[in-house]
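The values are calculated or read from the model by the stated rules, or taken from the named source; none is laboratory data. If you're wondering where the values come from, they're calculated on a predicted model, not measured in any experiment. No Cβ is skipped: glycine too gets one built from the backbone with ideal geometry, and neighbour counts run over all protein chains shown. Keep in mind that these areas ignore ligands, DNA and RNA; they rest on the heavy atoms of the full protein, side chains included. Shrake-Rupley method; radii C 1.70, N 1.55, O 1.52, S 1.80 Å.
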Amino acid sequence: MNKEVLDGLFRPKSVAVIGASATPGKIGYSVVEALNNGKYEGPIYPINLKADEILGHKAYPSILDLTGKVDLAVITVPAKFVLGSVEECGKAKVKGISIITSGFGEIGDHETENAIVETAHRYGMRVLGPNIIGSLSNSDKLNASFAPTLPLPGDASLISQSGALLIALDAGTYLRGVGFDKLFSLGNMADVDFSDIIEWLDQDERTKCISLYIEGLKDGRRFVDVCKKASKPIIALKSGVSAHGAAAAASHTGSLAGAAKVYGAAFEQAGIIQAQDLNNLFDLTQAFELQPPMKGDHLLIVTNGGGVGVLATDAAERYGIPLEFCPADLQAEMKNYMPEFGSAKNPVDITGGAGLEGYKKCIAFGLQQDWVDGLAVLYCETAMTNPMEIAQGILEAVHQAEENEASKGKPVAVSFVGGEHTAEAMRYLIDHGIPTYDDPARAVNVLGGLRQYARLQEAKANSKNEDGFKADKQAALAIIQAAREDGRDALTEIEAKDVFRAYGLDVTSTRLAKTEDEAVALANKVGYPIVMKIVSPDILHKSDASGVKVNIKDDASTREWFNKIIANAKAYKADANIHGVAIQEMAPLGSEVILGSINDAAFGPTVMFGLGGIFVEVLKDVTFAVTPVSKQQALKMQSDIRGAKILDGARGEKPRDKEAMAITIARYSHMILDLQDEIKESDANPVMVYEDGSGLKVVDARIILKKK
Ligand code: COA
């Protein structure tokens, strides 16, 4: 990132509008008007071929006629003139260009779009857009866009790939009471993309958290890297998660992937909090702007209504912070602050009869307890209480608690349910730094988000890879090369296992016998019982060709089945190129799991893990992770599947060796990352996982190469 250039683009000291117009209704007019209305303090230079003056600013026929320096040029001329204008900006030593004009990559004209970026880069400039609304910054009084106003001031910044949505959200900030310092429209992302702006915002002192509206990423790997390194919370809403590549995918893993799962996994690895919809994006943004992350799991709920208390309890479970009863000493103390028929368990129900004092005491006391990590305060409007007084009381109690060190750094969220008086009281709380919502589930949802953020930060800190295994990449490449020379883009099972072995995976010993005698010799080396399988690049589904025989126990059967398997294969496919028969160690049965890999369009090499057999076939119970996957993340992948309990030892079985599985997933991820130029898809299916301490065995392996 060239910070100085991006500073010029996003916090310019001077702005030119190329295509500025004196005709109201034109975008070139609106941009100058927006700069004026925002009270931008630097010089504004309208560039127009005919006009002498536009909206109070002297106009110039060309940017090259200016004597003053220009940091940002906003371009609003028709598409066919844009490239020429960019060239002129370069000559005028502009730092950044924001191209509002549409009609480039989005309608198929990638050529002009690329030429624009090349020209800009030749002059050391960066380009925002094209096809955008522009950019806005409250702290610079800069509305370099055709959005009518600057957003409600606040500490978050928003990057939106959709321009229209950005305008709508901008206006919505006032209604919702969620403030932003900077807004960016990304459009076609021909040059500046999410990663560039996130990196820049991470150093922006006016931005406390970063919100994203994403339709698709061009370079998902860089995005994950940048977000991982960011020191500020990032909240993302991803749209278009339903119709991604699943149908086109050739492999099992590919058909199980789909954008929702891969994006979800990548966000989690990057430490990003995922919003479910626009309202949720705003809710979470507000919470992250105003409150600290929640560092432990104990949520305290204080309510005057049983109903909202139960709704919040349900939501707490849904959003990953299930409630626990308060310890007895806390309950005993809080019992003093409510009528006899109240409950201090958690939710702490001070009841409708309790007034302001009940709230204040429970909040101030609760927040100061070590046991409490976060607080939700719920209020139902009653005839005996005044919402504004309750709001003021809540604030007072939170401030009182904050005087005590023990209550610092604990998030608070509030929900008021009631009529128009509650709306006013809610706004009061928001304006005083307490995120407040009209539904208890929304308040709990944001606390869940604040908890999730703290968890992801911890996971990030622990995700070092300590595995000292040194993979033999050269050996793997040699196997791949030999297959390519053979004119193949699928490895045989033996070759695939040799590649897996080079990356430290525990595969069943599998050797090729070309003759009956070789088969017997190898069987004795491996040790009975053995498995025999046809080896032919033309027969990928070996069972369909009756090409597999398990549990062979002696030399005579080995000889018999060697000939039978070859005969079956020939009967199945007369012209199949048969290499011979694989003699394979017979792995004892264990819990069957599957490992797979795909090359995701946005995130590149991506690993899948799931339980094998029916779990993967029918229930599609799998998790994904973008490579590289650390051992810690691999443990998490195992606990993220719905059938996780099976690995923990269901129905009296002993727990499975999750540690060995985690090392295997991490090494496998390293393999597909390392060999990403070669491997298109791969899987280890099944992998038999044994009891804790007894390891695992990769029983079958498949690698499909990228076509070269
Ligand atoms: N240098 C300086 N001024 C120039 C110029 C040049 N090379 N070429 C044209 N102009 C002037 C025009 O004379 C005009 O000013 P005028 O009103 O004084 O005559 C002004 O630039 C605008 O050009 P015009 O031909 O009137 O275009 P327009 O305003 O109808 O449309 C765009 C221009 C860029 C707004 C339009 O092409 C467009 O892309 N619209 C979509 C933008 C959008 O929605 N983006 C966001 C998507 S989320």
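Before moving on, here are some points about what is shown:
- When the stretch 497-537 is filtered for residues that are within 16 Å of residue 572 (Cα to Cα) and either open to solvent by 70 Å² or more (accessible area, probe 1.4 Å) or not aliphatic (A, V, I, L, M) (or both), the ones remaining, listed by number, are 533, 536, 537.
- Residue under evaluation residue 13, criteria (1) within 13 Å of the ligand (Cβ to nearest atom); (2) in contact with a Gly (Cβ under 7 Å, 6 or more places away or on another chain), criterion not met: (1)
Listed here are the residues, each with its yes/no results for (1) farther than 20 Å from residue 144 by Cα; (2) surrounded by fewer than 23 Cβ atoms within 10 Å (Cβ to Cβ).
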{"position": "169", "(1), (2)": "no, no"}
{"position": "174", "(1), (2)": "no, yes"}
{"position": "179", "(1), (2)": "no, yes"}
{"position": "185", "(1), (2)": "no, no"}
{"position": "193", "(1), (2)": "no, yes"}
{"position": "211", "(1), (2)": "no, no"}
{"position": "216", "(1), (2)": "yes, yes"}
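- The stretch 268-288 residues that are farther than 21 Å from residue 223 by Cα, paired with ones that are open to solvent by 10 Å² or more (accessible area, probe 1.4 Å) and among the charged types (D, E, K, R) (beta carbon under 6 Å, 6 or more apart): 282/176; 283/442
- Among the residues listed as 391, 425, the single one being of a type in the set (Gly, Ala, Ser) and touching a Pro at 6+ places or on another chain (Cβ under 6 Å): 425
- A count restricted to the stretch 164-188 and to residues that are of a type in the set (Val, Ile, Thr), without any contact (Cβ under 8 Å) to a residue 40 or more places away in the chain and more than 16 Å from the ligand (Cβ to nearest atom) stands at 1.
- For residue 315: the one exception among (1) out of contact with any strand residue (DSSP E or B) (no Cβ under 8 Å at 6 or more places or on another chain); (2) at pLDDT below 95; (3) of a type in the set (Gly, Ala, Ser): (2)
- From the options 28, 38, 56, 42, residue that is near the ligand (Cβ under 8 Å from one of its atoms) and modelled with pLDDT of 95 or more: 28
- Index of the failed condition, residue 220 passing every other in (1) more than 13 Å from the ligand (Cβ to nearest atom); (2) open to solvent by less than 10 Å² (accessible area, probe 1.4 Å); (3) closer than 19 Å to residue 113 by Cβ: (3)
- Hits in the stretch 365-386 - residues which are open to solvent by less than 10 Å² (accessible area, probe 1.4 Å) and in a helix (DSSP H, G or I): 366, 367
- Once the stretch 328-363 is narrowed to residues that are open to solvent by 40 Å² or more (accessible area, probe 1.4 Å) and in a loop (DSSP other than H, G, I, E, B), the residue that is modelled with the lowest pLDDT is 353.
- Members of the stretch 59-93 that are open to solvent by less than 10 Å² (accessible area, probe 1.4 Å), in contact (Cβ under 8 Å) with a residue 60 or more places away in the chain and either part of a helix (DSSP H, G or I) or more than 14 Å from the ligand (Cβ to nearest atom) (or both): 72, 89
- In the stretch 28-44, the residues that are buried (at least 20 other Cβ atoms within 10 Å of the Cβ) and either of a type in the set (Val, Ile, Thr) or within 18 Å of residue 101 (Cα to Cα) (or both): 28, 29, 30, 31, 32, 34, 35, 44
- In the condition set (1) surrounded by fewer than 20 Cβ atoms within 10 Å (Cβ to Cβ); (2) in a helix (DSSP H, G or I), residue 22 is compliant with all but (2).
Listed here are the residues, each with its yes/no results for (1) open to solvent by 50 Å² or more (accessible area, probe 1.4 Å); (2) under 14 Å from residue 390 (Cβ atoms); (3) of a type in the set (Gly, Ala, Ser).
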{"residue": "405", "(1), (2), (3)": "yes, no, no"}
{"residue": "421", "(1), (2), (3)": "yes, yes, no"}
{"residue": "424", "(1), (2), (3)": "yes, yes, no"}
{"residue": "430", "(1), (2), (3)": "no, no, no"}
{"residue": "435", "(1), (2), (3)": "no, no, no"}
{"residue": "441", "(1), (2), (3)": "no, no, yes"}
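- Meets criteria (out of contact with any Pro (no Cβ under 6 Å at 6 or more places or on another chain), assigned to a strand (DSSP E or B) and not aromatic (Phe, Trp, Tyr)) for residue 578: no
- Helices (runs of 4 or more DSSP H) fully within the stretch 607-683 counting 3 or more residues that are over 30 Å from residue 488 (Cβ atoms): 631-640, 644-647, 658-674
- Single residue of the stretch 94-124 satisfying the filter (charged (D, E, K, R) and buried (at least 24 other Cβ atoms within 10 Å of the Cβ)) that is farthest from the ligand (Cβ to nearest atom): 95
- Cβ pairs under 6 Å, 6+ apart, first in the stretch 138-163 and closer than 14 Å to residue 31 by Cα, second at pLDDT below 95: 147/167; 147/170
- Per-region count, the stretch 150-167, residues open to solvent by 10 Å² or more (accessible area, probe 1.4 Å) and within 18 Å of residue 284 (Cα to Cα): 5
- Per-region count, the stretch 403-429, residues under 21 Å from residue 367 (Cα atoms), hydrophobic (A, V, I, L, M, F, W, C) and at pLDDT 95 or above: 6
- Boolean, residue 454 is assigned to a helix (DSSP H, G or I) and touching a helix residue (DSSP H, G or I) at 6+ places or on another chain (Cβ under 9 Å): no
- In the stretch 127-141, residue nearest to residue 165 (Cα to Cα) [restricted to those that are open to solvent by 10 Å² or more (accessible area, probe 1.4 Å) and away from the ligand (no atom under 16 Å from the Cβ)]: 138
- Identity of the residue in the stretch 463-496, small (Gly, Ala, Ser) and not in a helix (DSSP H, G or I), that ends up modelled with the lowest pLDDT: 463
- Residue-level check: of (1) aliphatic (A, V, I, L, M); (2) assigned to a helix (DSSP H, G or I); (3) open to solvent by 50 Å² or more (accessible area, probe 1.4 Å), residue 540 misses just (2).
- Any chance residue 380 is within 36 Å of the chain's Cα centre (by Cα) and modelled with pLDDT under 95: yes
- Checking each residue in the stretch 673-708 for being open to solvent by less than 30 Å² (accessible area, probe 1.4 Å) and in contact with a Phe, Trp or Tyr (Cβ under 9 Å, 6 or more places away or on another chain) picks out 675, 682, 684, 696, 698, 701, 703.
- Number of the condition not met by residue 447 [criteria: (1) part of a helix (DSSP H, G or I); (2) touching a helix residue (DSSP H, G or I) at 6+ places or on another chain (Cβ under 7 Å)]: (2)
- Some residue of the stretch 634-650 being over 22 Å from residue 265 (Cβ atoms) and surrounded by fewer than 19 Cβ atoms within 10 Å (Cβ to Cβ): yes
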